[in-house]
Amino acid sequence: MKRVVYNFSPGPAALSKEVIQQAADEMTDWRGSGLSVMEMSHRGKEFTEILANAKNDLRALMSVPDNYKILFMQGGAIAENAIIPMNLVGRKPQQPATIDFINTGHWSVQTIEEAHKYAKVNIAASSEDRGFTYVPARDTWKLTPDAAYVHICTNETIGGVEFDYTPDVGDVPLVADMSSNILSREIDVSKHAVIYAGAQKNIGPSGVTIVIVREDMLGHALPSCPSAFDWKLVADHDSMYNTPPTYPIYIAGLTFQWLRRQGGVAAMEKINIQKAALVYDYLDSTDFYSNPVPAANRSRMNVPFRLRDESLNATFLAEAEKNDLVQLKGHSSVGGMRASIYNAMPIEGVQKLVAFMKDFEKRYG
Ligand code: PMP
């Protein structure tokens, strides 16, 4: 018998069981081609179709306007931390240009560190004063009028802090790291110049990075930018300038189709609100567990929480594992627990987690 668990991993994370089953069914013979997707030429008609469908389905799911390109790249969000400034600071006549950052936690910090190599960095707002537990209010931001761009991380995967709105930054391009909440809530793509996300949370396996970029952001790469990372070259070659990560793109495409069958992003958002409320409502009803983030900024995707008595951590994790609730350990930099409840986590998994947490409290509280 195969083991069935609820996987709360922050990423690589749970994928839809339907998607994994479909991939398994098609593994050795993709739709009568006699080929596994892994064995196909990326330029052949089969993979060309897979790529085009993935792109069209993502465009439909996010209502991506026509003046935006969808790129499938490699290197993950961390590579984009360098790729973005290499593509955007050149739009400014004066070098070094300034990049504005909103610093909301671990992943913002990492993005900022990389940016120092390419530009002047301005921390326009930061929530470090309260341990990165909130999103600084828009009216406190000290933006640079002629910045190359403003960078935000819309969901801090470790801190469990999420933007509940898209900030208006005027004419300065808004760049958003959506690695851990892309496709989980409706957003207006047209308010952004660039949206990027590693795939391994809400989309598919690691290895493909989604970049959604407005056309006027193309064609400004620094001469030192590697060709494979020049968005214009990648766009002109329809993500085939180099060999793209074909299998991750295929799985991403299956996820996009699955999302469309679920009713799209609006339908997912409704369920995600319910799932998150189940956990946070319970956390708020007890002092056996705690979460430090104010309600408006709580992540719907990643719920970090602590036990009042941290000496019970190992017991909690071991018992959760016995109950088929796996990968609940918090990030090493913050400790405690974290339940990542991306699109592919069914509400039943969250119900089972909350029931287990209640029972654990009864027995140890
Ligand atoms: N940004 C965010 C918000 C993330 O959650 C992660 C990965 N956990 C990264 C960036 C880094 O992604 P990668 O390791 O795929 O480069």
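Couple of notes before you dig in:
- Separation of alpha-carbon centers, the range 303-330 and the range 332-365, rounded to whole Å: 8 Å
- Long pairs among LYS2/LYS358; LYS55/LYS232; LYS2/LYS55; LYS2/LYS270; LYS117/LYS191, criterion Cα-Cα beyond 25 Å: LYS2/LYS358; LYS2/LYS55; LYS2/LYS270; LYS117/LYS191
- For the range 176-315, the extents of the C-alpha atoms along the principal axes are 55, 36, 31 Å, listed from largest to smallest.
- Relative contact order for the chain, counting Cα pairs under 8 Å that sit 6 or more residues apart, in percent: 23 percent
- Mean Kyte hydropathy of -0.5 or more with a Cα span along the axis of at least 15 Å, helices from DSSP in the chain: 45-62, 76-88, 246-261, 264-284, 347-364
- Alpha-carbon centroids, the range 105-128 and the range 205-241: separation in whole Å: 22 Å
- Sum of -39500 (n - 2.57) over DSSP H runs of 4+, divided by residues of the chain (222 nm, nearest 500): -10500 deg cm²/dmol
- Environment charge at ASP359 (Cβ cut-off 13 Å; Lys +1, Arg +1, Asp -1, Glu -1): +3
- Burial ordering of LEU183, LEU283, fewest other beta-carbon atoms within 10 Å first: LEU283, LEU183
- The range 38-142, Cα convex hull volume normalised per residue, Å³: 179 Å³
- Of the two radii for the chain, the radius of gyration is 0.98 times the Kirkwood radius, both from the alpha carbons; that is the Rg over Rh value.
Bear in mind these aren't lab numbers, they're just calculated from the coordinates by the rules spelled out. Note that the structure is predicted; figures quoted are calculated from it, not measured. Counting neighbours? That spans all protein chains shown, and the Cβs are built from the backbone with ideal geometry, glycine included.
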